[in-house]
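Participant: Before we start, here is the structure in question, set down as structure tokens.
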Amino acid sequence: MSQLHHPRMGRRAFLKAAGVATATATAGLAFKGVLPGQSPYKLADYSGLRIKRYHIAATDGWISMPTQTNPIPPFFPDPDAPDYTAGRGMYIMGFRDVTSYAGFVGDKDKGEFPLTPAIMDQKQKAQLTAPIIYTQVGEDLRLHLTNLGLARRPDLVDSHTIHFHGFPNQVVYFDGVPDNSVAAPIGRTLIYRYIPEDPGTYMFHCHFDDVEHVGMGLRGICFVLPSKGTNYAYDYDETRFDRQFAFLLTEEDPHLHYNDAHLQINDFSQYAPAFTLMNGRAWPDTIQPNMDPKTGNQLDGAPVASSVTQRLRYNPNSSLIQANSGESILIRVSNLGYQEHSLVLPGLQMRMVGRDAKPIVAGRPDYLAPPPNPGQPYVQGTRADLSVLTNRIDLGPGESRDMIFVAPHVTTKTIFPFYDRNDSFVHDATGVSGDGFGGARTEVHVFPSGLAAQAFPNQVNAVNGAM
Amino acid sequence: MATEATDARKVLDADSDDAATPRRSFRAGATRLRGIHWLPLVLVAAVGVGVNLPVRATNLHKPNPSEGLICSYGNATTISVTQGTTTTQVVSRSFVLTARDGYITTNDGNSIYMWSYAEGDKDFQYPGPFLCAYEGDQVTVTLRNTLKVPTSIVFTGVPGVKSDGAVSQPDGGAAGPTTSLSQPAAPGSSVTYTFTTAHPGTFEYASGTDAQLQVQMGMVGGLIVRPSTPAAQCASATPPASCAYVYNPANAANYAYDTPYSKFNTNTEFVHLFSEIDPDLHHWIERGNTSYDWSKYNARYFMINGRCFPDDLAPNNVSNQPTQPYGALVHVQARTPSNPDPALVRYLNAGLVSIPFHAHGNHESTVGIDGHELVTASGADASLDRFDIVVAPGQTVDAQFTWVDAQSWQPDTNPVGVPVPDQQDRLEGPYWNGSPYLGDLQPLATGRVSYNECGEFYHFAHDHDLIHITSFGISGGGGQLTLVRVDPPPNLQAKYGTTCTVPGK
């Protein structure tokens, strides 16, 4: 809620007038050709790249936790939550996907898009987690961030940003830290531009009043596909996959959410999370299909009751993993909570091929290898193969991992659990365990065959009416 | 030999002031010489008496840089060690640490009672000084205790430590109770620890007496061992490969370990020592209590090098933090072919929980962990690039950092291609250069304070357990958060007519 960190830096530089020298317009080209054919010492023409565009709106809203969870009065469920949360409502801030809404007019990259009624109407319709954002090396990623304000907290005139967590060699203007660059005040839009050169799994979040805004839900997962192909995690043969599933791990402290909904100040040294979430949902909601927050209908999978689609409309991202026998499945995991998480997948062996958006297989590039030309892979390096076989991974806040497993041959649908070791998470006021409802747990469903190809990441499909 | 070493140090100390010319000429000479130090005859002939000593006995180091690691090299002399019929020259390096109490300040104005290590007769400081030595040195650390309780030092990761001449080990045993993990000094007395630095790396030293309490009270510091290979070995006809990967302060680039993968720019060496403070505990001890109910433990201040953000951005030895001498600003220049070597950040975690430290801007390459280089058994480079370096309690991690202007956005030749909002449509941060472009310093809105010097970029580097970037639980200030300053390279400084303070000066 405070505006910015209070700066006390000892050195104070006076503002200087623009004073841009004109005589050395070619100075930026001075290094061109020093290392032939390799950035970063050259200027590149990025105008021909394929543009991938997302538009997200930051606002507040309400999501539903599983109906089986125990109440934690008076903080959870929130008594002011709307009906669709089915008595398990929690107040959030979030990034709402408005990419498909009418709103762009004129030249998109001149910011000529007044906030149309359709987009304005998404105020207090935040989603958790944000849409999965993905792009490929060789594309030109544009993220439009609109600040719609907080419907329930008009007293909080918070700005918002997008920090693309882990993006290498970022300029501060596109790094989304309000102290070091700019933030979008209410009613304004910022456009971020990224030229992705490093494939891998990342995450993004707001960095304004970070501990509060991230904790309230302004976060999402994103990843970059390699130039080698959209069915590879990195530019290496052993990272090929048939389906991919991305997971953003967090915990939720209902006190924080309640405090923000009811005009209370937070003391973060009292942080006490009661839920662990995958993609904004807790078990058993995690294995429900993807929802469309725009329509309130499900996006994919076998039909589920309308009560479920309405309840999960604003935590729309599924965590169900599916495979046909013999398929290679890529699991991407990022942790944007404030605690370490340890995930186990009993019965299936995974190979960890990447961490922190870097390949760890043989041939991975040297740290000091210059970024490649747009759309080109890194030069093969000489560093050691650090990939490992495992059925468990742990990652701290702000880390990511990429694992691939090969689905076993089965004759009937077979289920493997995939869960946080801290899975029996929610407890009631007397400390009684809640049987895992409210924890970060999902499942791997392996079918003999019959699953259609995945059209987008995390898409789930139905085989004979089953997911 | 000892006399010659002292003389050499005197000469070098004398011209270590800012009168640059004599120092620079000496350094240039030393650079050339060290590059060929497997030819000691040339060395002696060229410079004469004194320089045939191991380089580590001399003191070419910057005594007190305003940013980056401040090393204490102690008092070094060269001594002869005879084993059988072989006599070798080794460096004997001695330090005096005085356990003292004192107060530090936090970014929110609080004052915290602490115990820590002062160097020699100097005043209280927190954390303890960073002791620097070379591989193979015989190190002596004398601990003088001015506290009202016994105290001692454990050198984590350093083998063969002796206390007052005997092997250092815990008291008590299985029958207990254990009061000390190594030989303590009683109040008002002292104890002497000796060891030979077996291998290069970053190590923690901390209290081993009532350690849970005393480390929390601030009794922690760092030991840095720099790679070195004995001159005699490097003078042989077939010198070992490690002779090429030593630390010499006169060199522009140096190594953290005996391997080529650990190279770094000598002027950009930084340390981040993490610690956490439960203010209730410190208040309790300040009132004269000797123990604490650890079930009540709740850290509310989180520090890098003993300072909370933004106090940690201030220079080393800043006057308004007289007991907290170490800043945590990381300052580099964008990587170019003429500035190819990365910075080195040495991480130490003195707290009780793991710190997932996230540097914005670029991955860091972890080249060493717990004082051991990351190589495979066959010698292959096993370093790992991470955007989030998790440092466990008691762990040390050495990481390279560099930042390259990958897209080379420039307003005239390569504009960012998306609109920059007008001032009324944006909120500006005080570290921003006012422009998307590196080196382009533009004014901020009327009334906004700017801390930008020359169009440089500032990136966050912080604990991503975001609870730890608060002070006393308040969002938006404090904690284990610092900035990485990236300066425009010389061609962009020339383009925009700006001049940046040079990193490491």
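The values are calculated or read from the model by the stated rules, or taken from the named source; none is laboratory data. Note that the coordinates shown come from a computational prediction; the quantities given were computed from them, not determined experimentally. Here the Cβ positions follow ideal geometry from the backbone for every residue, glycine too, while neighbour counts run over all protein chains shown. Surface accessibility is based on the protein's heavy atoms, side chains included, excluding ligands, DNA and RNA. Shrake-Rupley method; radii C 1.70, N 1.55, O 1.52, S 1.80 Å.
Participant: Relative contact order (percent) for chain A, with alpha-carbon contacts under 8 angstrom and 6 or more residues of separation?
Facilitator: In percent, rounded to a whole number, it is 16.
Participant: Report, to the nearest whole %, how much of the accessible area of chain B belongs to carbon and sulfur atoms, 1.4 Å probe, protein only.
Facilitator: Roughly 55 percent of what the probe reaches on chain B is carbon or sulfur.
Participant: For the stretch A:315-467, what does the equivalent ellipsoid look like in terms of its semi-axes, each the square root of 5 times an eigenvalue of the Cα gyration tensor, given largest first in whole Å?
Facilitator: Details: eigenvalues 182, 105, 41 Å².
So the equivalent ellipsoid measures 30, 23, 14 Å along its semi-axes.
Participant: Once you put a point 7 Å from the Cα of B:S338 and another 7 Å from the Cα of B:N320, both along the Cβ direction, what distance in nm separates them?
Facilitator: 3.7
Participant: Can you say what percent of the DSSP beta bridges in the protein assembly as shown, counting only those with both residues inside, are antiparallel? Round to 5.
Facilitator: 75
Participant: Compute the accessible area of each residue in the stretch B:302-326 twice, once for its chain alone and once with every protein chain present, using a 1.4 Å probe on heavy atoms, and list those whose area falls by at least 10 Å².
Facilitator: B:F309, B:P310, B:D311, B:L313, B:A314, B:P315
Participant: Still on this structure, please answer the following. Distance between the C-alpha centers of the stretch B:247-272 and the stretch B:452-475? Whole Å please.
Facilitator: So the two Cα centres are separated by 26 Å.
Participant: By a straight-distance test (C-alpha under 17 Å), which aspartates and glutamates pair with A:K413 as possible cross-link partners, with residues fewer than eight away in the same chain excluded?
Facilitator: A:E327, A:E443
Participant: Moving on. For the stretch A:51-241, give me the percentage of DSSP beta bridges that are antiparallel, rounded to the nearest 5 percent. Walk me through the intermediate numbers first.
Facilitator: Values: 27 of 41 bridges.
Of all bridge pairs located within the stretch A:51-241, approximately 65 percent are antiparallel.
Participant: Could you report the protein assembly as shown's accessible area per residue, 1.4 Å probe, as an integer in Å²?
Facilitator: Counting only protein heavy atoms, the per-residue value for the protein assembly as shown is 34 Å².
Participant: Where the eigenvalues come from the Cα gyration tensor of the stretch B:178-290, what are the semi-axes √(5λ) of the equivalent ellipsoid, largest first, in whole Å?
Facilitator: Whole-Å semi-axes of the equivalent ellipsoid: 39, 18, 10.
Participant: I've got another one for you. Under a point-charge model restricted to the Cβ atoms of Lys and Arg (+1) and Asp and Glu (-1), what is the dipole moment magnitude of the protein assembly as shown relative to its Cα centre, in debye to the nearest 20?
Facilitator: For this selection, approximately 1500 debye.
Participant: Could you compute the FRET efficiency for B:T376 and B:S295, with r as their C-beta to C-beta distance and R0 at 30 Å, rounded to 0.05?
Facilitator: Working: r = 44 Å, r/R0 = 1.46.
About 0.10, to the nearest 0.05.
Participant: Now for a separate question. In debye, nearest 20: dipole of the stretch A:178-316 around its Cα centre with unit charges on the Cβ of K, R (+) and D, E (-)?
Facilitator: Computed about the Cα centre, the dipole is about 600 debye.
Participant: Could you run the Karplus curve 6.51 cos²θ - 1.76 cosθ + 1.60 with θ = phi - 60° over the stretch B:183-192 and give me ³J(HN,Hα) per residue in whole Hz, x for Gly and Pro?
Facilitator: 4, x, 9, 5, x, x, 10, 9, 9, 10
Participant: Ok, one more. Ranking request for peptides B:90-102, B:279-291: highest mean number of other beta-carbon atoms within 10 Å first, then the rest in descending order.
Facilitator: B:90-102, B:279-291
Participant: Relative to the Cα centre, what is the charge dipole magnitude of chain B, using +1 at the beta carbon of each Lys and Arg, -1 at the beta carbon of each Asp and Glu, and rounding to the nearest 20 debye?
Facilitator: With Lys and Arg at +1 and Asp and Glu at -1, about 1140 debye.
Participant: With respect to the cross-link table entries B:K122/B:K296; A:K228/A:K358; A:K52/A:K294; A:K228/B:K263; A:K125/A:K358; A:K52/A:K228, which display a Cα-Cα separation exceeding 25 Å?
Facilitator: On the way: B:K122/B:K296 34 Å; A:K228/A:K358 15 Å; A:K52/A:K294 20 Å; A:K228/B:K263 31 Å; A:K125/A:K358 35 Å; A:K52/A:K228 18 Å.
From the list (B:K122/B:K296; A:K228/A:K358; A:K52/A:K294; A:K228/B:K263; A:K125/A:K358; A:K52/A:K228), the Cα-Cα distance tops 25 Å for B:K122/B:K296; A:K228/B:K263; A:K125/A:K358.
Participant: Take the Cβ-Cβ distance between A:D83 and A:R50 as r, set R0 to 45 Å, and report the resulting FRET efficiency rounded to the nearest 0.05.
Facilitator: For R0 = 45 Å, the calculated efficiency reads 0.55.
Participant: Related question: In Å², rounded to the nearest 100, what is the total accessible surface buried by chains A and B against each other with a 1.4 Å probe?
Facilitator: Values: alone 19930 and 21940 Å², together 33150 Å².
It comes to approximately 8700 Å² buried between A and B.
Participant: With no solvent and one point on each alpha carbon, what is the Debye value of log10 I(q)/I(0) for the stretch A:51-241 at q = 0.08, 0.09 Å⁻¹?
Facilitator: Those come out to -0.29, -0.36, one per q.
Participant: Find how many whole Å separate the alpha carbon centroid of the stretch B:284-334 from the alpha carbon centroid of the stretch B:94-164.
Facilitator: 15
Participant: I need the semi-axes of the equivalent ellipsoid of the stretch A:146-287: take the C-alpha gyration tensor, multiply each eigenvalue by 5, square-root it, list largest first in whole angstrom.
Facilitator: Here the semi-axes work out to 30, 22, 12 Å.
Participant: Further question: Run the numbers on the stretch B:473-491: which residues show a drop of 20 Å² or more in accessible area, chain on its own versus all protein chains together, using a 1.4 Å probe over heavy atoms?
Facilitator: B:G473, B:S475, B:G476, B:N491
Participant: When a/c is below 1.5 the answer is rounded, else prolate if a/b is larger than b/c, else oblate, so apply that to chain A with a ≥ b ≥ c taken from the square roots of the Cα gyration tensor eigenvalues.
Facilitator: Oblate shape, in that a/c is at least 1.5 and b/c is the bigger or equal ratio.
Participant: Take the Cβ-Cβ distance between B:V449 and B:A198 as r, set R0 to 56 Å, and report the resulting FRET efficiency rounded to the nearest 0.05. Mind showing how you got there, number by number?
Facilitator: Values: r = 50 Å, r/R0 = 0.88.
Plugging the Cβ-Cβ distance into 1/(1 + (r/R0)^6) gives 0.70.
Participant: OK, next. In Å, what Kirkwood hydrodynamic radius results for the stretch A:236-388 from the alpha-carbon pair distances?
Facilitator: Final number for the Kirkwood radius of the stretch A:236-388 is 18.8 Å.
Participant: Mind checking the full-extension length gain between A:D267 and A:N464? Use 0.36 nm per residue of separation minus the Cα-Cα distance, one decimal, nm.
Facilitator: 65.9 nm
Participant: Here's something else I'd like to know. Ranked from highest to lowest mean number of other Cβ atoms within 10 Å per residue, what is the order of the peptides B:71-82, A:306-317?
Facilitator: My ranking of the peptides, most packed first, is A:306-317, B:71-82.
Participant: Separate question: Pop out the carbon and sulfur fraction of the accessible area of chain A as a percent, whole number, probe 1.4 Å.
Facilitator: 52
Participant: Given the options A:P226, A:H255, A:F245, identify the residue whose Cα lies farthest towards the positive end of the charge dipole of the stretch A:221-274 (+1 on Cβ of Lys, Arg; -1 on Cβ of Asp, Glu).
Facilitator: A:P226
Participant: Right, here's the next one. List the cysteines of the protein assembly as shown that have no other Cys Cβ closer than 4.7 Å: which are they?
Facilitator: A:C206, A:C222, B:C308
Participant: Related question: Considering the options A:Q122, B:I277, A:S325, tell which one lies farthest towards the positive end of the dipole of the protein assembly as shown, charges being +1 on Lys and Arg and -1 on Asp and Glu at the Cβ, about the Cα centre.
Facilitator: Sorting the options by dipole projection puts first A:S325.
Participant: Hey, any idea what the orientation-averaged projected area of the convex hull of the protein assembly as shown's Cα atoms comes to, in nm²?
Facilitator: Details: hull surface 164.9 nm².
Hull-based average projected area comes out at 41.2 nm².
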